[in-house]
1. Could you tell me whether MET35 is among the aliphatic types (A, V, I, L, M) and open to solvent by less than 80 Å² (accessible area, probe 1.4 Å)?
2. Find all pairs meeting these conditions: Cβ atoms under 6 angstrom apart; at least six residues apart or on different chains; first residue within the stretch 178-190 and open to solvent by 10 Å² or more (accessible area, probe 1.4 Å); second residue polar (S, T, N, Q).
3. Please list, ordered by first then second residue, the pairs with beta carbon atoms under 9 Å, 6 or more apart or interchain, first in the stretch 137-158 and buried (at least 22 other Cβ atoms within 10 Å of the Cβ), second of a type in the set (Asp, Glu) and part of a helix (DSSP H, G or I).
4. Answer yes or no: is there a residue in the stretch 4-18 that is of a type in the set (D, E, K, R) and open to solvent by less than 50 Å² (accessible area, probe 1.4 Å).
5. How many residues does the stretch 140-186 contain that are closer than 23 Å to PHE34 by Cα and outside any helix (DSSP H, G or I)?
6. May I ask you to list the residues in the stretch 47-82 that are within 19 Å of PHE133 (Cβ to Cβ) and loosely packed, with under 15 Cβ neighbours inside 10 Å?
7. Looking at PHE130, is it open to solvent by less than 20 Å² (accessible area, probe 1.4 Å) and in a helix (DSSP H, G or I)?
8. Take LEU113 and tell me if it is more than 14 Å from the chain's Cα centre (by Cα), touching a residue at least 40 places away in the same chain (Cβ under 8 Å) and farther than 27 Å from ASN8 by Cα.
Amino acid sequence: MEIINDYNSKAEELKNQGFRLNFEKYISKGFHIFMRKPDLFILYTLIYIVLMPFGGFLISGPLTAGFFLVAKKLERNEPVRLDDFFDGFKHFVPLFLFTLISGILIFIGYIALVLPGIYLTVAYTFAIPFIIFGRMDFWDAMESSRKVVTKEWFSFFILVIIVAVLNIIGGLAFGIGVLISIPVSFCILYAAFDDIVGT
């Protein structure tokens, strides 16, 4: 409960006081984290790509969380094994509910006026880290992410675009490049969360 309160307080603090994003720092740190265990990241990404079409909303949250959890361990110089990537399933319920509810809200947003959908897509960037690091339930994590991201929404939009372009480039490299671009993207987002919110 204390951890949850700390993260709730941090979200409110960031919402009120503001902050700045450092794109160069996050990109550099993201690549650095990836390069500590590129073999495990690539292998897990291959598993991630294979499983996603079968699991859909059911497992996408826990699988995605694995990248953030391992990025944290590597940044702290802790030993990492392949099974560490699957620790996201320890938070299965809130991650599944986040994926389901946010997906519905974002879909409605795009159907309604498009712009609300774009806003929410970016606003929930930090929801998964809030769940796994702050031990929040899905709705508190979504709201905390929305509060923090909205403070610098356009900067976060640029960060999301950078990550998207990185994966487009990865996809153009005979599709094989995504085995690198996907984990690097999540490492970049981890670096941003760690810098802004803290883990």
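1. no
2. Short answer, once both residue conditions are applied: LEU179/THR45; ILE182/THR45.
3. SER144/GLU12
4. Narrowing the stretch 4-18 to residues of a type in the set (D, E, K, R): 6, 10, 12-13, 15.
Those left that are additionally open to solvent by less than 50 Å² (accessible area, probe 1.4 Å): none.
Among the residues of the stretch 4-18, not one is of a type in the set (D, E, K, R) and open to solvent by less than 50 Å² (accessible area, probe 1.4 Å), which makes the answer no.
5. Going through the stretch 140-186 one residue at a time, the tally reaches 5.
6. Listed by number, the residues that qualify are ARG76, ASN77, GLU78.
7. Numbers: open to solvent by less than 20 Å² (accessible area, probe 1.4 Å): yes; in a helix (DSSP H, G or I): yes.
The answer is yes for PHE130.
8. Answer is no for this residue.
The values are calculated or read from the model by the stated rules, or taken from the named source; none is laboratory data. Computed from a predicted structure; not experimentally measured. Counting neighbours? That spans all protein chains shown, and the Cβs are built from the backbone with ideal geometry, glycine included. For accessibility, only protein heavy atoms count, side chains too; no ligands or nucleic acids. Shrake-Rupley method; radii C 1.70, N 1.55, O 1.52, S 1.80 Å.
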